[in-house]
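Comments concern the structure below.
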Amino acid sequence: MGEQETDPRYRALLNALPLWAFVVDDDVRVLDLNDAAAAVFAPDKALVLDRLGGEVLHCLHSLDSPAGCGSGPFCPGCVIRNSVAECMRGGRVSRRRTRVTLVSDGLKKDYELLVSASPMPDRGRRLALLVLEDVSELSALKDIIPICAKCRKVRDDSEYWRSVESYLRDRLGVDFTHGVCPACQRELYPDTEDA
């Protein structure tokens, strides 16, 4: 990559992104990646540098053609590849939604991603900063969640009824604190209404 790569500000900025970030060329060949992406796709970054994006991401379709990523029947519709192409033409892509199937240890996993791409020139070469945001958990929550009309417990994927708090804690990693809304405060503690 040149001077940028040796500039400590470049590395600090790339690693400050909590999302999967890649520096790619016009063929979506990975030239660099941040620590967040490396933690998921390549503990040894050297193993993925100069490889095509579909190979690095373990895209289900990267092996559809002997020529690899970018040459299979699904590749012309690939949102990641098309976002990088748009970026190379001088545009910017911000949080374009796509669904992809990635393969890890022989297991297929569907992801819903938001794809962003921005031009990143480097000594006359046109590169792109490709950022992938995994919103699979949030998408799962937008589905209909069965909730008991009386006790307000929700039914999870295993048909187990549990509190809303434990369901959201396990799905999103959020914790709760409790308070009392003004209407319930008036009902439960009528003497404290003026306080």
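Among SER136, SER158, SER62, the largest mean-square fluctuation in a Gaussian network model of the chain (Cα springs under 10 Å) belongs to SER158. Annotation for the range 1-101: trypsin sites (Lys or Arg not before Pro) lying in DSSP loop with at most 14 further Cβ atoms inside 10 Å of their Cβ are ARG89, ARG92. Comparing SER116, SER163, SER104 in a Gaussian network model of the chain where C-alpha atoms under 10 Å apart are linked, the largest mean-square fluctuation is found at SER163.
In the chain, excluding the sites themselves, the longest stretch lacking any of the chymotrypsin sites (Phe, Trp or Tyr not before Pro) that are in a DSSP loop with at most 11 other Cβ atoms within 10 Å is 1-159.
Return the loop-located trypsin sites (Lys or Arg not before Pro) in the range 144-195 (DSSP other than H, G, I, E, B) with at most 10 other Cβ atoms within 10 Å of their own Cβ; answer none if there are none.
LYS150, ARG152
A crude spin-label estimate for the pair LEU63 and ALA12, with each label 7 Å from Cα along the Cβ direction, gives 4.2 nm.
For a test of the definition: using alpha carbon positions, the gyration tensor, and the 1.5 limit on a/c, classify the range 19-135 as rounded, prolate or oblate. Provide the component values of the computation, followed by the final result.
Numbers: a/c = 1.36, a/b = 1.25, b/c = 1.08.
Judged from the Cα gyration tensor, the range 19-135 comes out rounded (a/c under 1.5).
For the range 94-195, which GluC sites (Glu not before Pro) pass both filters: DSSP loop (anything but H, G, I, E, B) and at most 13 other C-beta atoms within 10 Å? Write out the running numbers ahead of the final one.
Details: sites: GLU112, GLU133, GLU137, GLU159, GLU165, GLU187, GLU193; in loops: GLU159, GLU193.
Answer by residue number: GLU159, GLU193.
From the coordinates of this entry, Cα Rg over 2.2 N^0.38 Å is computed, and it appears in (i) 1.16; (ii) 1.38; (iii) 1.04 under the label (ii).
What percent do you get for the relative contact order of the chain when only Cα pairs under 8 Å and 6+ apart count? It rounds to 14 percent for the chain. Label-to-label distance for ILE144 and ALA46 is 5.4 nm, based on points extended 7 Å past Cα in the beta-carbon direction. What's the center-to-center distance, using Cα atoms, between the range 119-133 and the range 24-93 in Å? So the separation of the two Cα centres works out to 13 Å.
Among THR98, THR177, THR192, what is the fewest-to-most ranking by other Cβ atoms within 10 Å? Each step should come with its number before you reach the end.
Working: THR98 16, THR177 4, THR192 10.
Result, fewest neighbours first: THR177, THR192, THR98.
Each reported figure results from applying straightforward, stated rules to the coordinates on display, with no laboratory input. Everything numeric in this text was worked out from a predicted model, so none of it was measured. Because the Cβ atoms are built from the backbone with ideal geometry, glycine has one as well, and the counts that use them run over all protein chains shown.
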